[in-house]
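Beneath this line is the structure, given in structure tokens, with notes to follow.
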Amino acid sequence: MKRKYYFLGMALMLFSNSLQGQWYNNTTTVENPLMIKKTTLPISIDGNPNDVAWTALEWIPLTKSNNRSTNFSAYFKISYDDANVYVLVKVYDDTPFYTYNSEWQSDNVAIYFSMDLIYTGEDIYSEGMWHIRYLSGQSSSLQKVTGRTGNNGDTWQVGTILQNSNFKVAQMDYYPYFVEWQVPWNLLIGNSNFDHQNFKFEIEVDNCNSYYEREQLFWNSNYDDQWTSNRNMGYVRLSDVTLNPEICKQYVDSLKLSRDSISLLTNQLNQLNIEKTNLTNSLNQLQLTLNQTERERNTIADSLATLYNLLVKNQYIKILAFNEVTTTVAMKQGTVNLHLYPNPARNRMVIECSENITSYSIYTTSGTLITTSAISPANPDRYEIELPLLAPGLYNLHLQTNKGTIAVLFLRQ
């Protein structure tokens with residue numbers, strides 16, 4: 001056993017040396033970035049600023065302005081998790097919700113993203129650039145949400161985001177009023193050259209009282225060209241860096257050097273999010289400490305060499321090259337043939353197993369139990385389970401068989 005972990009330690013330490021030069025090349029140097037924190041707390045998109053995730057953050061004032069009056073001010077907060085970017089805007093406007101002949105001549109809040117830091121020129125919106133405007137007032141002749149995207153060229157139709165069920169925006173009408181956004185990472189990034197840590201960002205709040213009276217507030221620059229260019233947007237940096245695909249592929253390949261136990265793969269993936277910050281700060285200490293409870297050790301020790309081709313990209317863990325998982329698990333008490341599909345899964349999963357399964361449990365990759373239930377076969381050797389309401393991501397499925405517990409990984413889309 002000691003020899004096995006010595007080999008693993010040497011392999012990972014050698015791998016850390018090969019990665020060190022690449023890691024720096026994957027991080028872009030930016031000017032005075034706004035560091036934003038990753039949240040593990042739920043955020044409900046209802047316009048309410050009192051979610052715990054929001055109350056833990058400070059308001060950032062919009063200090064750049066055009067034609068600003070003393071009765072007009074705005075602030076914002078921004079955070080993210082593995083699935084979305086979240087923005088909350090607070091607006092003090094003593095004449096709120098005004099509408100006129102167009103969205104830009106009406107009271108509105110707009111957010112801008114450029115996932116590629118390169119300046120592409122005026123009137124050129126490249127892949128990964130977004131302008132999303134929300135009309136704070138009500139008008140039967142105007143659209144509530146409009147914008148522009150590099151995906152569709154020079155157009156104000158941003159259906160790629162606006163028609164997606166995971167894009168959300170809501171308003172709370174008080175003084176001040178609040179606008180809250182949820183924008184999915186995968187839609188923002190698209191096929192852009194995102195460096196997995198930095199992007200450009202801007203907020204614009206407009207107070208319009210007539211065709212001629214328009215006040216504007218911005219976060220980074222009052223040069224009103226964000227709707228045609230990313231040149232004057234500000235820089236945002238993620239506190240928890242996202243690994244790029246090539247590094248993650250090498251990382252997974254290195255894990256395959258040892259086929260002794262699924263605990264290797266499971267623990268590395270479980271600790272991936274926890275350790276990323278540490279890896280950034282200490283590049284020579286890539287070797288991870290395997291921390292397990294006794295129950296986890298007993299569970300994982302029964303399953304050997306279940307290897308997946310995994311890729312971490314755009315803050316998602318994806319399974320590549322196949323839609324089904326067929327594996328032979330070498331148990332202490334004998335071999336078990338296992339077939340799970342579909343994988344990735346949505347609401348239901350089918351399990352075919354050469355041994356009787358009496359119960360199953362679903363855990364997060366950090367070890368939190370989500371659900372457990374007894375199970376009986378729908379047909380001989382075939383089981384069906386209804387998945388609970390799960391956020392997209394990677395989960396552990398524990399199957400109790402008469403030869404022991406099998407711990408496998410599956411992806412919820």
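As for the range 75-94, it holds at least one residue that is of a type in the set (Gly, Ala, Ser) and over 17 Å from residue 224 (Cβ atoms). Within the range 174-200, residues that are on the phi > 0 side of the Ramachandran plot reach partners that are surrounded by fewer than 18 Cβ atoms within 10 Å (Cβ to Cβ) with beta carbons closer than 7 Å, at six or more positions or on different chains, in the pairs 190/127; 196/26.
Tell me yes or no: at least one residue of the range 210-220 is over 24 Å from residue 80 (Cβ atoms) and among the acidic types (Asp, Glu).
There is at least one residue in the range 210-220 that is over 24 Å from residue 80 (Cβ atoms) and among the acidic types (Asp, Glu).
Quick check, is residue 150 under 18 Å from the mean Cα position of the chain (by Cα), modelled with pLDDT under 90 and farther than 25 Å from residue 74 by Cα? It is false that residue 150 is under 18 Å from the mean Cα position of the chain (by Cα), modelled with pLDDT under 90 and farther than 25 Å from residue 74 by Cα. Once the range 380-404 is narrowed to residues that are in contact with an Asp or Glu (Cβ under 9 Å, 6 or more places away or on another chain) and surrounded by fewer than 19 Cβ atoms within 10 Å (Cβ to Cβ), the residue that is modelled with the highest pLDDT is 382. Any residue in the range 308-327 that is within 30 Å of residue 115 (Cα to Cα), at pLDDT 70 or above and assigned to a strand (DSSP E or B)? Checked the range 308-327: no residue is within 30 Å of residue 115 (Cα to Cα), at pLDDT 70 or above and assigned to a strand (DSSP E or B).
The values are calculated or read from the model by the stated rules, or taken from the named source; none is laboratory data. Nothing here was measured: the structure is a model prediction, and the numbers come from that model. All Cβ positions, even for glycine, are placed from backbone atoms using ideal geometry, and neighbour counts span all protein chains on display.
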